[in-house]
Amino acid sequence: MIFRSTAEQSPSVDFATALLTGVPPDGGLYHPESLPPFPSGFLEEIQVGIRRHGPDPVRTGTLVLNHLIGGEGGISLTALERVSREALTFPLPLTRISPSTFLLELFHGPTLAFKDVGARVMAHLLAALEAEPDGRIRTILTATSGDTGGAVASAFEHVPGTRVVVLFPRGRVSREQRIQFTTAGPNVHALAVDGSFDDCQRLAREAFADTALRRRHGLTSANSINVGRLLPQLIYYVHGWAQLPLDAPPPSYAVPSGNLGNLTAGLMARAMGLPAHDFIAATNANRVLVDFLDTGRFSPQPSRPTLSSAMDVGDPSNLRRILALYSAPGDNRPLLDPARLQDTRRHLSRHLSASSWSDEETEACIRRTKADTGRLVDPHTAVGMLALQAARGTNTGQSRPPGIILATAHPAKFRATVEPLIHDSLPLPASLEERLHEPERTRTLESTLPALVRALDDVGTK
């Protein structure tokens, strides 16, 4: 695959370069120049394999990765099978919660969140590309609104030749989210930024735009702004669809949405041939995407804190990738040109809708789901459930497509929110319980680039 920048001011690069550098020099995001369609019979082969051998994420991951990047940078099918086997050590089950509604449970990984898939696959892809490290230390700089930090820390913890620097908004992530990166190994450094997630993301962008800084620390990203984190997310879209009944029509996908990496991966899978009736972006009070689809205007806003904190994003960077994906071929106007935005919105709206939900509605959904089904869901998954229900409206007939809600996090990561709603204590998984008793290591950071430079130089001496 060849990748170009969404800012269109940098040379195109291959997958290995896009993975290793993270972001292009012009400050845009790497995006595939074209997406390879799934060949005839490819998806059906995965379906049949699941019916015969059970839903094995390793098999699905190997086939999807080989289709996307097989041979890139000398990565063989054998190497990709090893990447999948070492990264995808947990199930990705599709569970039915009503006759036509399913949860794709993406929270069974080591940090109990969907981002374990992309982060772990990316870590092993880097290892496959750098089979013979040159002795330099690579710094993985990542901004997190909650779950990315833990997933990246877990994926790269104790990996030789790497250090991880996590930028997170001080006081705006749950304790259970925070301890997953503040108690990690000695190569993981947590920086509590005085500001919002958007400030963290801005700092990361400014750092990557500083060529000398990038070279000095060997900076790369592990957010979904890195294609090495983004592309592996196609695996669970394919894996989820393949677990539907064989005669099921194309489903609706309800996607809890913040920085829009998860949604971008799904839309890319659809463009490659994954059966999809439509996509429903589920957002909280941070409704930049909803407003864009309503008006055709992209107006980033300061993020607002909510119960679904991992979605508290006021300037979602991956929207630029979605705009690039749905732009008309040969359109040379700037990506954010107002007239081009209107044209892109009309095209995108054929496949995507979005809705915004309040904390009060989210809480009510968590209570109702527990009372009606006995299931516990986290705030992000609850927002996804609300969006699917609203999109279906009064259509309760058998003709409506099945709905797949992406369940992005384990409710235990948000027990301070969930427990008062269900009037009961929520047992913690052992991996999280152990972290609660470990000392946290963090330092506070002003939301300025000079402060980040000093912090990077400091951790670079350790």
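Readers should treat all values here as calculations from the given coordinates under stated rules, not as data from a laboratory. These numbers were taken from a predicted model, which means no experiment stands behind them. Virtual Cβ from ideal backbone geometry, glycine too; neighbours counted across all protein chains shown.
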**Prompt:** Tell me, in nm to one decimal, what length is gained between Gln301 and Gln342 on full extension, where the rule is 0.36 nm per residue of separation less the Cα-Cα distance?
**Reply:** 12.8 nm
**Prompt:** trypsin sites (Lys or Arg not before Pro), restricted to region 124-174: which are DSSP loop and have at most 13 other Cβ atoms within 10 Å?
**Reply:** Arg136
**Rounded Å value of the spacing that divides the Cα centres of region 382-447 and region 159-214** = 22 Å
**Message:** If R₀ is 51 angstrom, what is the calculated FRET efficiency for the pair Asp26 and His423, using the beta carbon separation as r and rounding to 0.05?
**Reply:** 0.45
**Request:** Divide by every residue of the chain the summed helix terms, -39500 (n - 2.57) for each DSSP H run of at least 4, and state the resulting mean residue ellipticity at 222 nm, rounded to the nearest 500 deg cm²/dmol.
**Result:** -13000 deg cm²/dmol
**Prompt:** In percent, how large is the relative contact order of the chain, given Cα pairs closer than 8 Å and 6 or more residues apart?
**Reply:** 18 percent
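Treat every Asp and Glu Cβ in the chain as -1 and every Lys and Arg Cβ as +1, leave all other atoms uncharged, and give the resulting dipole magnitude about the Cα centre to the nearest 20 debye. Don't skip to the answer; put the middle values down first.
Working: 46 positive and 47 negative charges, 39 e Å.
That gives a dipole near 180 debye.
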**Fill in**
With a ≥ b ≥ c from the Cα gyration tensor eigenvalues, square-rooted, and the rule rounded for a/c under 1.5, otherwise prolate when a/b > b/c and oblate otherwise, region 30-147 is oblate
**Request:** Please identify every one of the trypsin sites (Lys or Arg not before Pro) in region 224-313 that sits in a loop by DSSP and has no more than 16 other beta carbons within 10 Å of its own beta carbon.
**Result:** Arg297
**Request:** Take every Cα-Cα distance within region 90-462, group them into 20 Å bins from 0 onward, and report for each bin the whole-number percent of pairs it holds.
**Result:** 30, 59, 11, 0
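So for Val238, Val117, fewest C-beta neighbours within 10 Å to most, what's the order?
Least crowded to most crowded, the residues run Val238, Val117.
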**Item:** Positive-end residue, region 90-462 charge dipole about Cα centroid, Cβ charges, pick of Cys200, Leu126, Leu92
**Value:** Leu126
**Message:** If you average the alpha carbon positions of region 257-311 and of region 326-368, how far apart do those two centres end up, in angstrom?
**Reply:** 6 Å
**Asked** Once phi is turned into ³J(HN,Hα) by the Karplus curve 6.51 cos²θ - 1.76 cosθ + 1.60 with θ = phi - 60°, what whole-Hz value does each residue of region 150-164 show in order, with x for glycine and proline?
**Response** x, 5, 5, 4, 5, 5, 9, 4, 6, 6, x, x, 10, 10, 10
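Sorting Asp14, Asp372 on the 10 Å Cβ count, fewest up front, what's the list?
Working: Asp14 13, Asp372 10.
Going from least to most buried by this count: Asp372, Asp14.
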